[in-house]
Amino acid sequence: MTQSPAIQKSLIVQELGQNGDGVVIADNQRLYIPYAAPGDEVSLELHLTKKNRYQVLNYEVTKQGGNYAKPPCAHYGLCGSCQLQHLGDNVYRQFKRDKILKPLLFEGFENPEHLIKDPIILPPGLRRRANFNFRCLPKGVELGYHKYHSYELLTLEYCHVLRPEIVAFMKPLLDIIGKSFSPGFEGEVFITAAHNGLDVNVEIRDKTPLTLEQRELWGQFANHQNLCRLLVTLKGKEDFTLMRDVPYVLFDDVPVESNCRGFLQPSTEADQQLTSIVCDLLPQSLPRVPSKIADLFCGRGTLSFPLSQYAPVDGYEMDEPALAALKNAAQKSQRPITTHYRDLFKTPLKGKELEPYDVIVVDPPRAGAEEQTHALAASNVPTLIYVSCNPLTFARDARILVEGGYNIEIIQPLDQFRWTVHVEAIAKFTRTRNF
């Protein structure tokens, strides 16, 4: 059966979709064009399916509109990250606001625009965490990120969003992988720039233990690069570890043990900015003496330590290594922080457990905190501060809180991942009616 001839259309990009693609309208159908900005003129080659839906076969931006910026990275368009480098500042900022605004509108909020502040956008070159894939091939080693919508790897010599010490580490890492592994080996490398040096985990997708010669090569490499810690694992099982010092990060000037496979905010500057926003949202004077704050999904204590300057903090978390690091650091620093192991998804705090707290900070993963939010909505906690990395689940949970009698005072967008579609939302809720 022969395919119907292609349909040619020239259309103008109207807006950006939730994934950052340009949106054009063809016969009332929304089509998504990667790397296009509002106002761009796009030439399209389309196929009309049996269901009368257009399928984009080819596209080309024939004329750039007024919202275009020259991408700073030579890998732009090939690399699967940083897909928004082509956007001018105004449309980029609006996109980040709209990422939070549109889910709120979908959840039925009326005129939430006035609640959303102008995004705080962190500059590139700050990211302290990186995850590279590698493959050893007869032609050489591939080390880098996946290409756009592909399993192929793009070998990188630099990356604009990473901290300089990680960028400087990429070439030596490529060389040592080529020297120590033969074609056929592949794996991942997890890197965190801790406060006292690089923490590196080389994960090999093979169960064969390293030879003595390979271990010597990696040992010399770790010493020469002055790594804080080097861990080599084989399909998740530790093969060997070399450690100059226990890696740590600073939260409110308190050293807290870190792990390159554990969760951290993407940069030290993100920690500081997030801390500043949350602390600014605290009530001017806490209603009781002594007051108490709960930090739900507290992790290693990014927020627990600065919050402990205002009142005693109870930190709740189900990541046991993170909680242990927080507890140990709190004891050493003599901060008034008490840690609690708790799976808040299965066993949320509710009822009388919530009564001691004047402020509760909620910082869940991307899934949000639906069950915990229902419990909070049925409480009389005066102030809630919700930190979200997913605008969709934030909007859902915000609706639950508002239906339970809370009022949204402010939503502050924070762009920690420059040139990506991700955005953080930090919101303050205050109770308007009691149960």
Discussion item. Quick check on this structure: which one of Ser182, Ser150 is closer than 27 Å to Pro71 by Cα, small (Gly, Ala, Ser) and out of contact with any Lys or Arg (no Cβ under 9 Å at 6 or more places or on another chain)?
Written reply: Ser150
Discussion item. Looking at Asp118, Asp98, can you tell me which residue is open to solvent by 70 Å² or more (accessible area, probe 1.4 Å) and either of a type outside the set (Lys, Arg) or in a helix (DSSP H, G or I) (or both)?
Written reply: Asp118
Discussion item. Looking at segment 341-359 only, could you name the residues that are open to solvent by less than 60 Å² (accessible area, probe 1.4 Å) and within 24 Å of Pro255 (Cα to Cα)?
Written reply: Arg342
Worksheet entry | Check on Gly66, within 25 Å of Ser388 (Cα to Cα) and at pLDDT below 95 | no
Worksheet entry | Output for segment 406-434, where each listed residue is more than 10 Å from the chain's Cα centre (by Cα), part of a strand (DSSP E or B) and either within 30 Å of Pro71 (Cβ to Cβ) or without any contact (Cβ under 8 Å) to a residue 12 or more places away in the chain (or both) | Ile411, Gln412, Pro413, Leu414, Ala425, Ile426
Worksheet item: Taking segment 304-334 as the search range and keeping residues that are open to solvent by less than 50 Å² (accessible area, probe 1.4 Å) and of a type in the set (D, E, K, R), which one is nearest to Arg261 (Cα to Cα)?
Response: Glu317
Worksheet item: So which residues in segment 187-245 are in contact (Cβ under 8 Å) with a residue 12 or more places away in the chain, farther than 23 Å from Thr155 by Cβ, in a loop (DSSP other than H, G, I, E, B) and open to solvent by 20 Å² or more (accessible area, probe 1.4 Å), if there are any at all?
Response: His195, Asn196, Lys207, Thr208, Pro209, Asn226, Lys235, Gly236, Arg244, Asp245
Response to the item:
Scanning segment 15-32 residue by residue, those under 24 Å from Leu78 (Cα atoms), open to solvent by 20 Å² or more (accessible area, probe 1.4 Å) and of a type outside the set (Asp, Glu) turn out to be Gln18, Asn19, Tyr32
Worksheet item: Identify, please: which residue in segment 252-265 is within 11 Å of Thr302 (Cα to Cα) and within 18 Å of the chain's Cα centre (by Cα) and is, among those, surrounded by the fewest Cβ atoms within 10 Å (Cβ to Cβ)?
Response: Phe263
Worksheet item: In this structure, is Val387 under 16 Å from Ile408 (Cα atoms), within 24 Å of the chain's Cα centre (by Cα) and in contact (Cβ under 8 Å) with a residue 24 or more places away in the chain?
Response: yes
Practice prompt. Output the number of residues of segment 376-388 satisfying the condition of being surrounded by 20 or more Cβ atoms within 10 Å (Cβ to Cβ) and either charged (D, E, K, R) or touching a Lys or Arg at 6+ places or on another chain (Cβ under 6 Å) (or both).
Written response: 1
Discussion item. Please verify whether Val141 is at negative phi, assigned to a strand (DSSP E or B) and touching a Cys at 6+ places or on another chain (Cβ under 9 Å), treating the condition exactly as stated.
Written reply: no
Worksheet item: Are any residues in segment 144-156 open to solvent by 60 Å² or more (accessible area, probe 1.4 Å), part of a loop (DSSP other than H, G, I, E, B) and either under 19 Å from Trp419 (Cα atoms) or modelled with pLDDT of 95 or more (or both), and if so, which ones?
Response: Tyr148, His149
Worksheet item: Among the residues of segment 1-14, which ones are surrounded by 11 or more Cβ atoms within 10 Å (Cβ to Cβ) and of a type outside the set (D, E, K, R)?
Response: Ala6, Ile7, Ser10, Leu11, Ile12, Val13, Gln14
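Quick grid of which residues meet (1) assigned to a helix (DSSP H, G or I); (2) among the polar types (S, T, N, Q):
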site	(1), (2)
Glu269	yes, no
Thr275	yes, yes
Gly299	no, no
Leu323	yes, no
Ala330	yes, no
Discussion item. When the residues of segment 33-51 are narrowed to those that are in contact with a Gly (Cβ under 8 Å, 6 or more places away or on another chain) and either of a type in the set (Phe, Trp, Tyr) or crowded, with 20+ Cβ neighbours inside 10 Å (or both), which ends up nearest to Tyr68 (Cα to Cα)?
Written reply: Ala37
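The values are calculated or read from the model by the stated rules, or taken from the named source; none is laboratory data. Since the model is a prediction, treat every value here as computed from it, not as a measurement. Positions of Cβ are generated from backbone atoms using ideal geometry, with glycine treated the same way; all protein chains shown enter the neighbour counts. Surface areas here come from the heavy atoms of the whole protein model, side chains and all, with no ligands, DNA or RNA. Shrake-Rupley method; radii C 1.70, N 1.55, O 1.52, S 1.80 Å.
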